[in-house]
Amino acid sequence: MKHFALGLTGALAAATALTVPAGIAQAEAGSLSVFDWSGYEDQGFYGGYVEKYGGAPSYTYFGSVEEAFTKLQSGFAADLAHPCTDALRKWVAADLIKPIDTSRIDNWDKLLPQIKDVDGVTIDGQTYMVPFEWGNTGLIYRTDQIAEEDVSLQLLADPAYQGKIAIPDAASSAYAMAALATGASSYTDMSDEEFQKASDFLRRIHPNVRFYWSDAGQLDQAIASGEVLLGWGWNQSELNLIWNETPAKMMRDVDKGIATWVCGYVHLNSSTQSDEQVYDMLNALSAEDSGKYIIENWGYAHSNAEAFKSADQELIKAYGFADVDSFFEDSLFFDAVTPELEGRMLKEFERIKAGF
C-alpha cells in the first residue's frame, strides 16, 4: 500500500489553468510518453512539469526490467523509461538509450555525488541516467517469529522455513542476494566458482520458496498475514508493513548482507517529443520538491541532496536517512551487470525455478 499526498497536484493544476486553456495544456502534457513501474505516475514526483504543461505525461507500465527491455527491443516506443543501474550496460549495448546532456539538468550539481558515481549512471564517460530514487533491498522478517540475533540470509535455506520465504522473480536481484549469502567478492563480475556457489544457494532455498514475487504488494500481504516469515524485498515493503502495524523489519547488518539500488530516468532513442519537453520532465523529477515528496510519502530516498534538509526531519530519522553516508558504506550496490553475465543469470535462474 502506498501513501500519497493529494494536495500538490490540484494546486498546481489550478494555477496553470489561469493562464493555459485546460484541454490544450493537458493534451500537450500527455504527448510525452513514459515507460515506468506502476505507481510512478503520482504527480507529486514531477510538480514542475504539471505546473508548466497543465497535466501529466502519458504512462505505460512494465512489471520487471527484463520485461521492459524485451518490449523496447521488439519496437515499443516511448520518450523516457525508468530502469535501475544494474540494467544500464545491457540497454546501452542494445542501443536503446541516448546520453544525457547534464548541462540541461538544472539540479545536476545538487544530486548526491555518491549516487552520480554509481556504475551505470555513467558508462565509458557518457552519462545515461538521471538518478531519481534509491534505497535498500534486504531481508525483511517477522520480528514476532524470528529473533534479531538469529536472522541471516543463511536462514532462508533452513528446512524449518519450508514454504515460508519469498524472493523476487528477478534473476539480478536473486543473484545479488545469493552473492551476499555466499561471500562472493563481486556481484557484477563473479568468477565461475562464485557463480556456481550462488546458484547452489538459490537451489538450496528453492524448496522453501512460497512464491517468487513480481509485485511487492504480494510480498507485503504475505508477510502481514504470516504466510511468509522471511522475504527479500525493497525498503518500501518494510515501511508499508510498519505503517500497517505489522511486526516486521529489514535486516540492515552489512556484515550479514544488504544491497543498495539506484533507479532513474533514461532518454530513449525511440523518443519523438522535443528535447525541451523531455528535459522539463527530467528537471521536475530531480527537483528538491520531488525529493521531499518521495521521502515523506513513499519512504524512498531521492537523488537530490537538498531534499534531505527540507523533508520532515522526524521521518528522515524514522526511515534511516539521517546518515546518508551509512547507506554507501559496505553495502552491495546493484551495479551495471555485463550483458553476458546477466544472460547467464537469467538462464540459470529459470532452471532453478523449474526445479533443476
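Under 14 Å Cα to Cα from K249, which aspartates and glutamates show up? Leave out anything in the same chain fewer than 8 places away.
Leaving aside aspartates and glutamates fewer than 8 places away in the same chain, those within reach of K249 are D144, E148, E149, D150, D220, E238.
With bins 20 Å wide starting at 0, give me the P(r) of the chain over every alpha carbon pair, in whole percents.
Answer for the chain: a P(r) of 30, 58, 12, 0 percent.
What length, rounded to one decimal in nm, is gained on full extension from K256 through to S31, with 0.36 nm per residue of separation minus their alpha-carbon distance?
Values: separation 225, 0.36 × 225 = 81.00 nm, distance 4.67 nm.
Here the segment from K256 to S31 would lengthen by 76.3 nm.
Lys/Arg Cβ at +1, Asp/Glu Cβ at -1, dipole of the chain taken about the Cα centre: which of P113, F76, Y46 is farthest positive-ward?
F76
Got the relative contact order for the chain handy, in percent, Cα pairs under 8 Å and 6 or more residues apart?
Details: 637 pairs, mean separation 94.5, N = 356.
Once normalised by length, the contact order is 27 percent.
Using unit Cβ charges (K, R positive; D, E negative) and no other charged atoms, how large, in debye to the nearest 20, is the dipole of the stretch 212-301 about its Cα centre? Write out the running numbers ahead of the final one.
On the way: 4 positive and 13 negative charges, 65 e Å.
Roughly 300 debye for the stretch 212-301.
About the Cα centre of the stretch 254-356, how large is the charge dipole given +1 on each Lys and Arg Cβ and -1 on each Asp and Glu Cβ? Please answer in debye to the nearest 20. Show your work: numbers first, answer last.
Numbers: 8 positive and 19 negative charges, 112 e Å.
Its charge dipole is roughly 540 debye.
When only Cα pairs under 8 Å and 6 or more residues apart are kept, what is the percent relative contact order across the stretch 59-191?
Values: 66 pairs, mean separation 21.8, N = 133.
Result for the stretch 59-191 is 16 percent.
According to the square roots a ≥ b ≥ c of the eigenvalues of the Cα gyration tensor, what is the shape class of the stretch 220-356, taking rounded for a/c under 1.5, prolate for a/b larger than b/c otherwise, and oblate for the remainder? Could the numbers behind the result be given before it?
Values: a/c = 1.80, a/b = 1.09, b/c = 1.65.
It comes out oblate by the Cα gyration axes.
For the stretch 69-220, what are Rg and Dmax over the alpha carbons, in angstrom?
Cα-based Rg and Dmax for the stretch 69-220 come out at 18.5, 55 Å.
For a quick size check, give me the Cα extents of the stretch 168-243 along its three principal axes, largest first, whole Å.
41, 24, 18
Dipole size in debye (nearest 20) for the chain around its Cα centre, Lys and Arg Cβ +1, Asp and Glu Cβ -1? Write down the numbers at each step before the final one.
Details: 25 positive and 53 negative charges, 153 e Å.
Computed charge dipole of the chain: roughly 740 debye.
How much area per residue is accessible in the chain when the probe is 1.4 Å and only protein heavy atoms are counted (Å²)? Walk me through the numbers before you get to the answer.
Working: 14720 Å² over 356 residues.
That works out to 41 Å² for each residue.
At a Förster distance of 25 Å, what's the computed FRET efficiency of W243 paired with F211, Cβ-Cβ distance as r, to 0.05?
With a Förster radius of 25 Å, E is 0.65.
Given axes a ≥ b ≥ c from the Cα gyration tensor, I'd like to know whether the stretch 75-131 is rounded (a/c under 1.5), prolate (a/b larger than b/c) or oblate.
Details: a/c = 1.97, a/b = 1.46, b/c = 1.34.
The shape class here is prolate.
Which pairs in the list K116/K309; K98/K292; K90/K110 are over 24 Å apart, alpha-carbon to alpha-carbon? Don't skip to the end; give the middle numbers.
Details: K116/K309 19 Å; K98/K292 28 Å; K90/K110 28 Å.
In this structure, K98/K292; K90/K110 exceed 24 Å between Cα atoms.
Report the Cα-based extents of the stretch 194-291 along its three principal axes, largest first, to the nearest Å.
51, 39, 27
The values are calculated or read from the model by the stated rules, or taken from the named source; none is laboratory data. Since this is a predicted model, take the numbers as computed values, not measurements. In this analysis, Cβ positions are derived from the backbone assuming ideal geometry, glycine residues included, and neighbour counts consider all displayed protein chains. With ligands, DNA and RNA removed, areas are computed over all heavy atoms of the protein, side chains included. Shrake-Rupley method; radii C 1.70, N 1.55, O 1.52, S 1.80 Å.
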